[in-house]
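Heads up: the structure comes next, in structure tokens.
The values are calculated or read from the model by the stated rules, or taken from the named source; none is laboratory data. Since the model is a prediction, treat every value here as computed from it, not as a measurement. Cβ sites come from the backbone with ideal geometry, for glycine too, and all protein chains shown count toward neighbours.
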Amino acid sequence: MKRPTANVVWFKKDLRITDHQPLASAAREGQVVCLFIHEPEWWATPECDGSHRIFLSECLADLDASLRQLGVSLLQRYGNATEVLDRLATEIDITSLWSHEETGADWTYRRDMTVQAWCREKGIPWREFRQDGVVRRLKDRNGWAERWQRTMHRSLWDSPEHLHGPALADDHLSSECRHGVSAKPWAQRGGEGVAKSTLDAFLHQRGVDYRASMSSPLEGWSSCSRISPYLSWGCLSMASTVRSLEERLATLREATLYGAHVDRRWSGSLRSFASRLRWHCHFMQKLEDEPRLEFENMSRACDGLREDFTDTPEAHRRLEAWKNGVTGYPMVDACMRCVQATGWLNFRMRAMLMSFASHHLWLHWRPTAVFLGRHFLDFEPGIHFSQAQMQSATTGINAVRIYSPAKQALDQDPHGHFIKLWVPELSDVPASWLAEPHRMTIDQQLASGCRIGLDYPQPVVDHSTAYREARLKIAVLRREPSARQEARKVFLRHGSRKRQSARKSDEQLNLPMD
């Protein structure tokens, strides 16, 4: 019996049917098999969490439902990519393999190299398409911003009206494989439908106070866009997101022109959001250009800055306190407990967590970045590792930012609602002492039912001392000629080419997606 012939559309982190060039293009060629591979290499990565697998399963269920409406189902197979494709090639004649390019962690790069070799060996064309503003094999950053603009303003790809292809059986997947196990009861739900409604609600309702509220871990919960997981997993394309944003801005401008009342906050909030969409791809481009940044300091002059301290008993003690949210700094601890229960945290608090670990605790960025990556539902390697290095001052070109946990508590949670929500040991501590409860007298501690050192820990380090020592070590390093040479190399390769203001360059703004 003759085997059926079909084009294979390989879904990776592009779990949608809207604005999906590989799907639309393959459908024009004839029969299609829509394939998703559950890869054990991903499960084995230290950043993979049960919450990611649950979110993925929801995305796949939504994608399968959408494909079934078009006439086919999503084929789900388990195994290494080349093994799965080998087996699939015994069931159908694969005309071509279609997919989006992926800027992911090191394991995805190595996997794609083996798939490329497999395709060459089998004589099967592999047609890859760009799905965001990241440019593969980019020679330099000159003109990158203009190219990003052109990419975002291309025509969107329409979903196919109908798909047809051979019916193939899924692998038998365990319940844990399909659904995962997670301790994040408040994590966002996955799928293209939820993604679109989340973006729509932000652009038309929740986002009005985005600019003023995005730094607050409490207000940011609803005022931030919350679309970052959907961009990471490709439930939304970047181009369609930019299109939706620009249509909303145009509607607001038209309403203003015709005399309708428009809340003035909308303009500033949506323009701030637009800048973060650009920075999203800007940071991913760094990893695309230099994959070693997942593991090594961006500025090699920083090698040895923290490494000697990494394996000491004191470093392990500090790391465990940070991971468990028991550092004695309420804002740090509340943020850590929040992200482990919800999978989300606004950007300023993410930066504070990373900065505190790297500067106050003097921990190397790699293990702390891996830990946070496992708990961020929107883990995007290009953004995540670049930001981890930026907040740790190992890029060599960015302003050194050492956040004061007490100041962040006073500025972003003045009434203590966020801290008391996630650190219930402090629920009866007066708001005036929540930023630094260790400064309460014994009588005040007894009155508030929180004895420092018993009910809530003493600070793991002294803020003033740690701040001063970190500043000095980094300043001494940056004055060295080798560090200055490295900084120039880093900027030429990764720095923003947008026009710089007299006071602060774009590269110092530290503004990726929230």
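For the reader, a short list of remarks on this structure follows.
- LEU287 in contact with a helix residue (DSSP H, G or I) (Cβ under 7 Å, 6 or more places away or on another chain) and over 30 Å from LYS420 (Cβ atoms): yes
- Selected residue (criterion: nearest to ALA239 (Cα to Cα)) from residues of the stretch 262-278 that are surrounded by fewer than 18 Cβ atoms within 10 Å (Cβ to Cβ) and small (Gly, Ala, Ser): ALA274
- Of the residues in the stretch 293-300, not one is assigned to a helix (DSSP H, G or I) and within 18 Å of LEU426 (Cβ to Cβ).
- Residues that are in a loop (DSSP other than H, G, I, E, B) and touching a strand residue (DSSP E or B) at 6+ places or on another chain (Cβ under 7 Å) were ranked within the stretch 167-181; the one that is modelled with the lowest pLDDT is LEU173.
- Taken as a whole, the structure places THR310 among residues that are assigned by TED's automatic domain parsing to the domain that holds LEU410 and under 23 Å from VAL476 (Cα atoms).
- In the stretch 464-475, the residues that are surrounded by 12 or more Cβ atoms within 10 Å (Cβ to Cβ) reach residues that are in a helix (DSSP H, G or I) with C-beta atoms within less than 6 angstrom, at least six apart or across chains, in these pairs: ALA466/HIS360; ALA470/HIS359.
- Single match in THR114, THR103 (criterion: more than 21 Å from ALA26 (Cβ to Cβ) and assigned to a loop (DSSP other than H, G, I, E, B)): THR103
- Consider the stretch 1-21 and keep the residues that are among the aliphatic types (A, V, I, L, M) and surrounded by fewer than 24 Cβ atoms within 10 Å (Cβ to Cβ). The one that is farthest from LEU67 (Cα to Cα) is MET1.
- Qualifying helices (runs of 4 or more DSSP H) (wholly inside the stretch 4-94; at least 1 residues being at pLDDT 95 or above and closer than 27 Å to ILE227 by Cβ): 21-29, 40-43, 50-70
- The listed residues are GLY133, GLY143, GLY104, and the only one of them that is within 30 Å of GLU246 (Cβ to Cβ) and loosely packed, with under 14 Cβ neighbours inside 10 Å turns out to be GLY143.
- Hits in the stretch 324-339 - residues which are within 19 Å of the chain's Cα centre (by Cα) and either more than 16 Å from LYS420 (Cα to Cα) or surrounded by 21 or more Cβ atoms within 10 Å (Cβ to Cβ) (or both): CYS335, MET336, CYS338, VAL339
- Residue identified as in contact (Cβ under 8 Å) with a residue 12 or more places away in the chain, over 20 Å from the mean Cα position of the chain (by Cα), assigned to a helix (DSSP H, G or I) and outside the structural domain of MET352 (by TED's automatic domain parsing) among ARG253, ARG248: ARG248
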